[in-house]
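Shown next, in structure tokens, is the structure this report addresses.
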Amino acid sequence: MEKSAVYHRPSDNFAYSINKTTLQIRLRTKKADVQNVTLLFGDPYIWENNEWQIEEMPMTLSGSDDLFDYWQVYVSPAF
């Protein structure tokens, strides 16, 4: 995996609110470099048994260009 091609920024078109309860998260990888991507997310202030509670959601391939694949997922975190 080409780690230098993995890219996400927590703003703009890579992470934004769709409505009051749903976020769209995007990630970029080198074209045809990975077969699947999983988003790990959670509230860093919620701990159980001395462990941070992390949720996992598979991301879907939403598009590609000459150099990169773009992955996305919609999440509704607990508020």
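Values in this text are rule-based calculations from the coordinates and carry no lab data. Remember, it's a predicted structure, so these values are computed and weren't measured experimentally. Note: ideal-geometry Cβ built from the backbone for every residue, glycine included; neighbour counts use all protein chains shown.
Here are some notes:
- Site-free segments of the chain were taken between trypsin sites (Lys or Arg not before Pro) in DSSP loops having at most 15 other Cβ atoms within 10 Å, sites themselves excluded; the longest one is 32-79.
- Distant-in-sequence amide contacts of SER62, defined by a placed amide H-H separation under 5 Å and a gap of 5 or more residues or a different chain, comprise TYR70, TRP71, GLN72.
- Charge sum, other residues only, whose C-beta stays under 13 Å from LYS30's C-beta, Lys/Arg counted +1 and Asp/Glu -1: -2
- Total formal charge among the other residues, if their Cβ is under 12 angstrom from that of LEU39, Lys/Arg +1 and Asp/Glu -1: -1
- Values of log10 I(q)/I(0), in the order q = 0.18, 0.20, 0.27 Å⁻¹, for the chain under a Debye, Cα-only, solvent-free model: -0.80, -0.93, -1.30
- Annotation: amide H of ALA15 within the under-5 Å range of ARG26, sequence separation 5 or more or interchain, hydrogens built in the peptide plane.
- Under the Karplus curve 6.51 cos²θ - 1.76 cosθ + 1.60, θ = phi - 60°, whole-Hz ³J(HN,Hα) for the stretch 20-29, x wherever Gly or Pro sits: 5, 10, 10, 10, 9, 10, 10, 9, 10, 10
- Summing Lys and Arg as +1 and Asp and Glu as -1 over all other residues whose Cβ lies under 12 Å from the Cβ of SER4 gives a net charge of +1.
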